[in-house]
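Everything on this sheet refers to the single structure shown next.
Every read-out reported here was derived from the displayed coordinates using simple, explicitly stated rules and does not represent laboratory data. Please read these numbers as outputs of a predicted model, since none were measured by experiment. Positions of Cβ are backbone-derived with ideal geometry, glycine not excepted, and every protein chain shown enters the neighbour counts.
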Amino acid sequence: MIENYLMHLMILIGIYIILVQGYNIALGYAGLLNLGHIAFFGIGAYTSAILSKMGVPFFIGFILGGIIAAIFGYFLVYSTRKLKGDYLALATLGFSFVFTSIMLNWKSLTRGPLGIPGIMKPSVFGVIIKSNFEYMIFVWIILLVCLYIMWRIIKSPFGRLMEAVRDDETGLKVLGKNTFAIKYKAMMISAFFGGLAGSLFAHYLSYIDPNTFYLMEIILVLTIVIIGGVASFKGTIIATFIIILIPEFLRLLSIPSSILGPSRQILYSLILLIILIYKPRGIFGRVDLT
Amino acid sequence: MKKIIVILSVFLLMVLGCATPDTTTQETTTIKVGVLGPFSGDAASYGESIKNGIEVGLEASGLDNIELVIEDSKCDGKEAVSAVNKLISLDGVQAIVGGVCSGGTLAAAPIAEQNQVPMVSPSSTSPDITDAGDYLFRVVPSDAFQGAFGAKLVYDKGYRKLGVLYSNEDYGVGFNKVLSENFAELGGEVVASEAHERTSVDLRAQITKVKEAGADAVYIISNSADSAVAAMKQIKELGLEVALFGSEGLKGDVITDNAGDTAEGLFVTSVSGGTQAFIDAHNAKFESNPGPFAAQGADAIQAIAWAIKLGASTGAEIKDNLYKVEFEGDSGSIKFDENGDVFGSYEVFVVKDGAFVAEE
């Protein structure tokens, strides 16, 4: 029986690795201090959920979720192209608030705060992926494909250019490179994977509402990247395991029910603080964000 | 790196040391029942109040072979799914009391159904719950019923032009929809219906619109005390001469204490706060009055206890028996229809001299 719970955790971890590794491309490699990533996650989830409710096959909704998120990624970079550092962070944070607000109020499309219940499980070539075991295999196959693609992007000449934008944008401009193009491409790639993760998330949970994609989740993905180490491929993967699993392991502690909620959160933050005190750049960090 | 490994292994040891393996102490007759609700985050007070109610209800049921396993869902879909998976596969619960917030309940229900574990919610009032599967029950009536009840109350008091101020969340939107439809059906007119964010404390823009629309009664649908108090004060401030009606979230001493005389004459529709016997039992055990939905928590566990008394021991059997259960609960008479809903009863309270008085 315990397998079911562990498989559930592996599904969550798989989805979050896609989400956070995508985030790491914009935040870590291209140095875009983006706090709007969770909106891409939500755009993918809502696109895929609404399309599947209309009877569109899963894979079309899945890919469209990624593509629409990527289009919004372009607009986000375009509208914030003059901003840097803290200002960019604030503007992108605003983007995720706007997203939540639209999802809350565009009731004819999203049912507003009522959320979308009963999202069907995906069906692949006529086979419906139903049990936790099947979904876990499904998510991890998609994860491996995504990780391979992201790895190739990061190691390509374009990947080097992204890192150059992060480390010395002016220097790159002097060499005649179009840094704006590099930035929006990086953000679009990042948003695309965020959207894919959102689609997998919506079909797994079967219920989404606007609050699923709000402040707490932004903090969660940012924490994973920072704990893993900014611009570290394996760090992000390992940190996802740590950050998702710690609160779940804390469920196993027999804490009296009266202090159960708060004491788990205290322990959770304590562990995060300890990691950051001993490893200020994260577990595998090699760069500092300014 | 070494230090991290040391810290992590110490932590792991701590977890393993504290975890109680269920194989060693389990008796054959014990039936585990999960409690799924928010115990951290901004809805934690509901989780706490319902948990107390459940403990009172469990004692009253007279069964001593039920063991409660409490798990935190934070009122969030993802957390609720994690929690329900843990309750079912790790603790092996046969039934669950919960979830508390409709969002978490809707996300957890398919997993409970897949594993044949019935869920009895004490407080999820979303109309969507009705169609969310065979294994999902609730002892609290759907918002669909309270909206209809509220509409009739306003109409019977002789008001025909209603303005609605509702909080923009699943609860408020669902309530407002049913209220407006029913009020129109009765022959009244909803002249304005304005949404506000859940915790918003400046509703002057919305109230101005209601005033311009010429309403003679205002219905405040809110689960946030701050927001409701602000609404009543600002209605006075902007000079509206209207009758005030409120959803159950407005019934509490925190409202009368803070709103002062602006709350005078406010009508509140509310699900039952519990019978006098329940209130006394709660006072004896916790030395405090029951909080919101505590009586419903007690009824949820008692419904499960009744199903067990009818001879069920596995989740599927408990589910089958729940459809047969019929008893006089702490919050009203409990009998599930084919969707797992109860019809439920409401009470009306009115504020007189700064205190809630039950209205006949």
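With a 10 Å cut-off between alpha carbons and a GNM built on chain A, which of A:Pro262, A:Pro157, A:Pro117 moves the most? Answer for the Gaussian network model of chain A: A:Pro262. 3J(HN,Hα) couplings calculated from phi for the stretch A:161-172 with the Karplus curve 6.51 cos²θ - 1.76 cosθ + 1.60 (θ = phi - 60°) are, in sequence order, 4, 4, 5, 5, 4, 5, 7, 7, 5, 4, x, 5 Hz; Gly and Pro show x. Taking amide H as placed 1.01 Å from N in the peptide plane, the amide H of B:Glu194 sits under 5 Å from that of B:Val164, B:Leu165, B:Tyr166, each at least 5 places away or on another chain. Exceedance of the 18 Å cut-off in Cα-Cα distance is limited, within the set B:Lys32/B:Lys319; B:Lys177/B:Lys211; B:Lys177/B:Lys251; B:Lys251/B:Lys352, to B:Lys177/B:Lys211; B:Lys177/B:Lys251. Along the stretch B:166-171 the Karplus relation, 6.51 cos²θ - 1.76 cosθ + 1.60 evaluated at θ = phi - 60°, assigns HN-Hα couplings of 10, 7, 7, 8, 3, 4 Hz to successive residues, with x for each Gly and Pro. Centroid-to-centroid, using Cα positions, the stretch B:120-135 and the stretch B:244-295 are 24 Å apart. Residue order for A:Ile71, B:Ile54, A:Ile237, fewest other beta carbons within 10 angstrom first, comes to A:Ile71, A:Ile237, B:Ile54. Lysine pairs in chain A whose alpha-carbon atoms fall under 16 angstrom of each other, counting only those eight or more residues apart or on distinct chains, come to 12. Phi-derived couplings, Karplus 6.51 cos²θ - 1.76 cosθ + 1.60 at θ = phi - 60°, listed residue by residue for the stretch B:255-271: 6, 5, 5, 8, 7, x, 6, 5, 8, 4, x, 5, 9, 10, 8, 8, 5 Hz, with x used for Gly and Pro. In percent, rounded to a whole number, the relative contact order of chain B is 18, using alpha-carbon pairs under 8 Å and six or more apart. Counting only DSSP beta bridges with both residues in the protein assembly as shown, the antiparallel share comes to about 35 percent. Bridge orientation summary for chain B: considering DSSP beta bridges with both residues in this region, about 30 percent are antiparallel. Taking only the Cα atoms of the protein assembly as shown, the radius of gyration and Dmax are 26.1, 83 Å. Taking amide H as placed 1.01 Å from N in the peptide plane, B:Gly329 has its amide H under 5 Å from the amide H of B:Ile334, each at least 5 places away in sequence or on another chain. Amide H contacts of B:Ser121: B:Gly98, B:Phe137, B:Arg138, B:Val139, each under 5 Å away and 5 or more positions distant or on a separate chain (H built 1.01 Å from N in the peptide plane; Pro and chain starts excluded).
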